[in-house]
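Data first, discussion second: the structure below is written as structure tokens.
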Amino acid sequence: MDSKSDGARNQLLHFDLHIDEHKPHKGILDLLGRLRPNWDAQDIQMKRFTEGITNQLMGCFVAPLQEPGCVLVRLYGQMTELFVNRDRELEMFQVLHAHGCGPQIFCSFQNGICYEFVRGTVLEDELLLQPSIYRLIAAEMGRIHSIQPKCGAPAEPLLWTKMSHFLTLVQSQNSSSEEQRGTKSPVPSFETLSAEMESLKRHLSQIDSPTVLCHNDLLTKNIIYNHKEGMVKFIDYEYADYNYQAFDIGNHFNEFAGVNDVNYSRYPSRELQRDWLTAYLQSYNHSTGREVTVTEAEVTKLYIQVCKFSLASNFFWGVWAILQSRFSSIDFDFERYATARLNYYFEKKEEYFGLQII
């Protein structure tokens, strides 16, 4: 056992322990023996909460505690260190918890983390369309976006650095993966993707979207809804970092289309978006000490920015899914997902590029 005191870990308890992702039970018991030494191993119960498309999540508790004392153990997926800055993730956990927006993180270990259970249920896709719920989501995002960097240092948006990193990995994997399959991939070539990124960067860099603290991956499984308390909380901060405000919102709107069966007919209507953005701006303005009253012009400006940055979101996750199709051991059709995201990007690009911000 050691306590990391440098950098992002910020005195976070760390155990030099690796848990077998295929047979996690024994390793988790070993971990809990160190983290919760007062728990009797015979009384510990485990519940698999989700087998996401990149990680495994287990809830561990001693009856009758269950919810209040539950420890979540997340095992990182294979090769996810290529996509995720784990030190930055730990830092984001601590920042969001300090501002009352996220759970407490208890410890890290070689291939995962343990953190506090967030009461509530994972949001269902249909609930994204309910005004009482999507306004809660909008308000919570507004609060998170208002969190300022430490010492007032200016923050750089994550988007282009991360996207460039993904494209570099695509380039290094291109020839070998095609040789192994003996077929040409249905996804665009590296050259096409690289040219598209430059096109996106030229266009979006001219748009004055503030750099704020973003979740960057707000799909429904990362939203916990507490019906009793009438509140939502966001979980999983693998991609959380400073980024363009309009990217985080546009990314969330893209997630209305779903993950397992991507269907863009579920993309929110213009009316829903404007109502969502109004609730967001009221929360963001309140949290940043601005005038809370929101004008139609402000909503329209943000709506257009969000349309444009939703392109970057589809492109980002399209490239991410190309990489996952080559690296991940999870049983998920990443190539199909990549194709769906990139097809919608190309379908909407001309329309959204043509929108004028007044």
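The values are calculated or read from the model by the stated rules, or taken from the named source; none is laboratory data. Keep in mind that this is a model prediction, so the values were computed, not measured. Note that we place each Cβ from the backbone using ideal geometry, even for glycine, and neighbour counts take in every protein chain shown. When the accessible area is computed, the model is the full protein with side chains, heavy atoms only, and any ligands, DNA or RNA have been set aside. Shrake-Rupley method; radii C 1.70, N 1.55, O 1.52, S 1.80 Å.
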Carbon/sulfur fraction of accessible area - the chain, other protein chains in place, 1.4 Å, %: 49 percent
MRE, 222 nm, helices only [DSSP H, n ≥ 4, -39500 (n - 2.57), over the chain, to nearest 500]: -15000 deg cm²/dmol
Segment Glu191-Asp331, extension gain: residue separation times 0.36 nm, minus the distance between their alpha carbons: 47.6 nm
Relative packing of 319-331, 185-197, which averages over residues the other C-beta atoms within 10 Å, highest first: 319-331, 185-197
Where the chain is the region considered: accessible area per residue in Å², 1.4 Å probe: 46 Å²
Per-q log10 I(q)/I(0), the range 241-318, q = 0.23, 0.25, 0.26, 0.28 Å⁻¹ (Debye; single scatterer per alpha-carbon; no solvent): -1.10, -1.22, -1.28, -1.37
About the Cα centre, charge dipole magnitude for the range 272-358 (Lys/Arg +1, Asp/Glu -1 at Cβ), debye: 180 debye
Among Ser283, Ser269, Ser310, residue whose mean-square fluctuation peaks in a GNM of the chain (springs only between Cα atoms under 10 Å): Ser269
Long-range HN-HN contacts of Phe49 with modeled amide H, under 5 Å: Leu57, Met58, Gly59
Hull shadow area, averaged, the range 181-291 [alpha-carbon convex hull, nm²]: 10.5 nm²
Whole-Hz couplings from phi, Karplus 6.51/-1.76/1.60, listed for the range 342-353; x for Gly and Pro: 6, 4, 5, 4, 5, 5, 9, 4, 4, 4, 6, 4
Nearest-10 value in Å² for the accessible area of Cys101, using the 1.4 Å probe: 10 Å²
Calculated from backbone phi, Karplus (6.51, -1.76, 1.60) coupling profile of the range 23-33 in Hz, x at Gly/Pro: 9, x, 4, 5, x, 5, 4, 4, 4, 5, x
Long-range tail of P(r) for the range 42-160 (Cα pairs > 26 Å, %): 34 percent
Residue order for Lys23, Lys221, Lys233, Lys47 - accessible surface, 1.4 angstrom probe, largest first: Lys23, Lys47, Lys221, Lys233
Gyration tensor (alpha-carbon) shape descriptor, the chain, a/c threshold 1.5: oblate
Of every Cα-Cα pair in the range 79-123, the percent that sits beyond 12 Å: 67 percent
Measure of compaction for the range 202-358 (Cα Rg per 2.2 N^0.38 Å): 1.07
For Ser146, distant residues with modelled amide H under 5 Å away: none
Amide proton proximity set for Gln78, modelled H, under 5 Å, gap of 5+: Ser329
Per-residue HN-Hα couplings for the range 310-327 [Karplus 6.51, -1.76, 1.60; θ = phi - 60°; Hz; x = Gly/Pro]: 5, 4, 4, 5, 5, 5, 4, 6, x, 5, 4, 5, 4, 5, 4, 4, 9, 10
